[in-house]
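Let me begin by presenting the structure, written as structure tokens, before commenting on it.
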């Protein structure tokens, strides 16, 4: 019974995390949106992670510990009346009046004059046409453009999850005190989220993801070359590797929300997250490979991370472009043959016009 309840608990937690992330990405705009999807979500996650070893240290009984980490979920209940529905999602469902009311309320709160016509007729007509279509998980593999993006992202999510959980599960081996090791591992994540937020304003998404994965993988691949007498250097390299893996994971959430249209955003993020969960399930078995060779786990994780970095270069660039609303908008993200040399044209979606007016 305990295992069944934990199964539902885990499924509910990750579903809640993804839903909250997508809602914030669609409700906020501009710099606030970027702040939320990188630094905001990341710091709250790492803060909770940092609290875990302290709670475990003072609450040695597993029932008390489980109660301490479960009761805060009750704080979510008032959010039903506080957080507005995503206007983008409402538009994709044809609920134009509700979306317009939320936009006008936001304009009043920010002391901005909303335009007389928030959503133009041709915009709502196109969204009504989209609403008539029923989108399923199969649509993220329907066209070659979307299918390629989805497959690359699924592989990236899988690789990053293996790297993140592989290094995280090894934290008990960092020091003789497992609580201290967990604290160190959690504190490494905080500057990673800050660096991601500061970097994505200037560095293209593809370049950042690919570079961070290469640097993280190289740090892990160097571990077998460190002599046992330099234990501090091994720990440092492992934490630097986690730093870059965390930065990649943070931006992957943001990038996935940026590249897929509103009609598929939640579904596509769920598909990619599923592959990430598969990676997290496999990571404990990769850690057990140290029974055959001490440094085999970091070698496997590092090789997988560096190899997947190549695929990131072939993703479409989304920096400084509005969120796509329809599948047709997503087609505007063109692929290039030489990722490091190409330039992307900036397109403006219908929602982008509304954001500019506000």
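The values are calculated or read from the model by the stated rules, or taken from the named source; none is laboratory data. Just so you know, these numbers come straight off a predicted model, no measurement behind them. Every residue, glycine as well, gets a Cβ built from its backbone with ideal geometry; the counts of neighbours run over all protein chains shown.
Data table
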item: Some residue of the stretch 159-173 being under 22 Å from residue 299 (Cβ atoms) and assigned to a loop (DSSP other than H, G, I, E, B); result: yes
item: Which listed residue is surrounded by 15 or more Cβ atoms within 10 Å (Cβ to Cβ), farther than 30 Å from residue 325 by Cα and modelled with pLDDT of 85 or more, from 55, 50, 71; result: 50
item: Test result for residue 62, farther than 29 Å from residue 186 by Cα, loosely packed, with under 11 Cβ neighbours inside 10 Å and without any contact (Cβ under 8 Å) to a residue 60 or more places away in the chain; result: no
item: Selection within the stretch 144-184 - surrounded by 14 or more Cβ atoms within 10 Å (Cβ to Cβ), within 30 Å of residue 327 (Cα to Cα) and over 18 Å from the mean Cα position of the chain (by Cα); result: 145, 146, 148
item: Hey, residue 89 over 22 Å from residue 186 (Cα atoms), assigned to a helix (DSSP H, G or I) and at pLDDT 85 or above or not; result: no
item: Selection status of residue 214, buried (at least 17 other Cβ atoms within 10 Å of the Cβ), touching a residue at least 40 places away in the same chain (Cβ under 8 Å) and either under 24 Å from residue 286 (Cβ atoms) or within 19 Å of the chain's Cα centre (by Cα) (or both); result: yes
item: Filter pass, residue 41 being in a helix (DSSP H, G or I) and crowded, with 16+ Cβ neighbours inside 10 Å; result: yes
item: Residue in the stretch 220-228 that is buried (at least 23 other Cβ atoms within 10 Å of the Cβ) and either farther than 18 Å from residue 159 by Cα or at pLDDT 90 or above (or both) present; result: yes
item: Per-region count, the stretch 93-129, residues within 30 Å of the chain's Cα centre (by Cα) and either modelled with pLDDT of 75 or more or on the phi > 0 side of the Ramachandran plot (or both); result: 16
item: Among (1) out of contact with any helix residue (DSSP H, G or I) (no Cβ under 6 Å at 6 or more places or on another chain); (2) without any contact (Cβ under 8 Å) to a residue 60 or more places away in the chain - the single one residue 226 does not satisfy; result: (1)
item: Per-region count, the stretch 258-272, residues at pLDDT 90 or above and surrounded by fewer than 21 Cβ atoms within 10 Å (Cβ to Cβ); result: 1
item: Residue 169, sole failed condition from (1) closer than 19 Å to residue 310 by Cα; (2) at pLDDT below 90; (3) touching a helix residue (DSSP H, G or I) at 6+ places or on another chain (Cβ under 6 Å); result: (1)
item: Scan of the stretch 1-32 for residues that are under 26 Å from residue 188 (Cβ atoms) and touching a helix residue (DSSP H, G or I) at 6+ places or on another chain (Cβ under 7 Å), ordered by number; result: 14, 18, 21, 24, 25
